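What follows is a set of notes on a single structure, which appears directly below.
The values are calculated or read from the model by the stated rules, or taken from the named source; none is laboratory data. Treat the numbers as computed from the prediction; the structure is a model and nothing was measured. Note: ideal-geometry Cβ built from the backbone for every residue, glycine included; neighbour counts use all protein chains shown.
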Amino acid sequence: MSGPQINSRGFRAGLRWLPAGAELLAGHWRPLLGVASLWLLVSLLASLIPIIGQLTLIVLTPLLTAGLLMAFDQSIIGRSVRPTVLFSAWFSPKHRSTLIGLGLLSLTGTFFAAMIFAGWLTSQIDPATLEAAMNDPEALAQALQGASLGAGIALALALFLIVLAGLFFAVPLVAFGGTSLLPSLRFSYRACLSNLGAMFGLLVAIAGFSLALGIVIVLLVSLLSLALGPAGQFLAQLLIVAATLFVQVVLTGTQYVAFCDISGWTPGPTSDADRDELVA
């Protein structure tokens, strides 16, 4: 099983995926809000456990993403969507093992990307000096003066994008088709390579979206802090949490739209036999 037939899309299609994901959220925000809020709660709880909590969250992210993708799918056909659909893949052993495997792959890729950047950085700055400056922003800025970070960042980012390319279409294929680990990865890489123009368009759209949202958030946080003092700082934190929730759901909706576009998947009630036919 290597996945459904792959449709080739161009740059403009990739640009449209993110706005289409946002429109999908706007049309179904009520049933999706509870699911996304539960994911945010899980993320906040994980942040309370140093290191282990964050590592566990990275491993479970594909599984949680599959749940949110299923919520999009169910909301489109008018089914009742409960927040607990976020964990629906956990209760399917076949889905759970594959999605956790994808999470471990993501964790490994993130680790090696961090190691590449750290290795590049320590090749130019004495590790003892860097460690001593980590808790002092001014000392860290002085230590980084003259260091060439561009190549290290580019190498780490390239590895991270390669890992993301493997997960981008693999997660929805596992969620909706029950595909195993290696076939889902092969499908995702084949889909990305067959749609390089569309994937580049998507990256451009995400970069523009992130930049615009970042500017708005910085301005609002600054205004709230200056105008309301401590109360404004509290409201600014709530604003950042809301923005995080919004970005999380929009990007998952974008992933859903992209998968439907390149695979031909259509939402609707399907039997196990129908889902197996998708990946036959």
List the pairs whose first member sits in segment 76-94 and is more than 12 Å from Ala36 (Cα to Cα), whose second member is exposed (fewer than 14 other Cβ atoms within 10 Å of the Cβ), and whose Cβ atoms are under 6 Å apart, counting only residues at least 6 apart or on separate chains? Ile77/Gly268
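Considering only segment 77-105, state which residues are aliphatic (A, V, I, L, M) and surrounded by fewer than 18 Cβ atoms within 10 Å (Cβ to Cβ).
Scanning segment 77-105 gives Ile77, Ile100, Leu104.
Give Ala242, Ala205 a once-over and let me know the one that is small (Gly, Ala, Ser) and either closer than 15 Å to Gly14 by Cβ or touching a Leu at 6+ places or on another chain (Cβ under 7 Å) (or both). Give the derivation first.
Working: Ala242 fails: either closer than 15 Å to Gly14 by Cβ or touching a Leu at 6+ places or on another chain (Cβ under 7 Å) (or both).
Checking each option against the conditions leaves just Ala205.
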So Gly229 fits all but one of (1) at pLDDT below 80; (2) surrounded by 13 or more Cβ atoms within 10 Å (Cβ to Cβ); what number is the exception? (2)
Taking segment 16-53 and keeping residues farther than 21 Å from Thr244 by Cα and at pLDDT 95 or above leaves Arg16
A careful count of residues in segment 26-42 that are in contact (Cβ under 8 Å) with a residue 60 or more places away in the chain and over 18 Å from Ser80 (Cβ atoms) gives 2
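Sort out which residues of segment 220-246 are of a type in the set (A, V, I, L, M) and under 25 Å from the mean Cα position of the chain (by Cα), and write them in order of number.
Looking only at segment 220-246, we keep the residues that are of a type in the set (A, V, I, L, M), and these are 220-221, 223-224, 226-228, 231, 235-236, 238-243, 245.
Passing the criteria: Leu220, Val221, Ala236, Leu238, Leu239, Ile240, Val241, Ala242, Ala243, Leu245.
Residue-wise test of (1) out of contact with any Lys or Arg (no Cβ under 8 Å at 6 or more places or on another chain); (2) over 24 Å from Phe187 (Cβ atoms); (3) modelled with pLDDT of 90 or more.
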position: Leu68; (1), (2), (3): yes, no, yes
position: Phe72; (1), (2), (3): yes, no, yes
position: Arg79; (1), (2), (3): yes, yes, no
position: Lys94; (1), (2), (3): yes, no, no
position: Ile100; (1), (2), (3): yes, no, yes
position: Leu104; (1), (2), (3): yes, no, yes
position: Thr108; (1), (2), (3): yes, no, yes
position: Ala114; (1), (2), (3): yes, yes, no
Do we find that Leu213 is over 30 Å from Leu164 (Cα atoms), modelled with pLDDT of 80 or more, assigned to a helix (DSSP H, G or I) and more than 14 Å from the chain's Cα centre (by Cα) in this structure? no
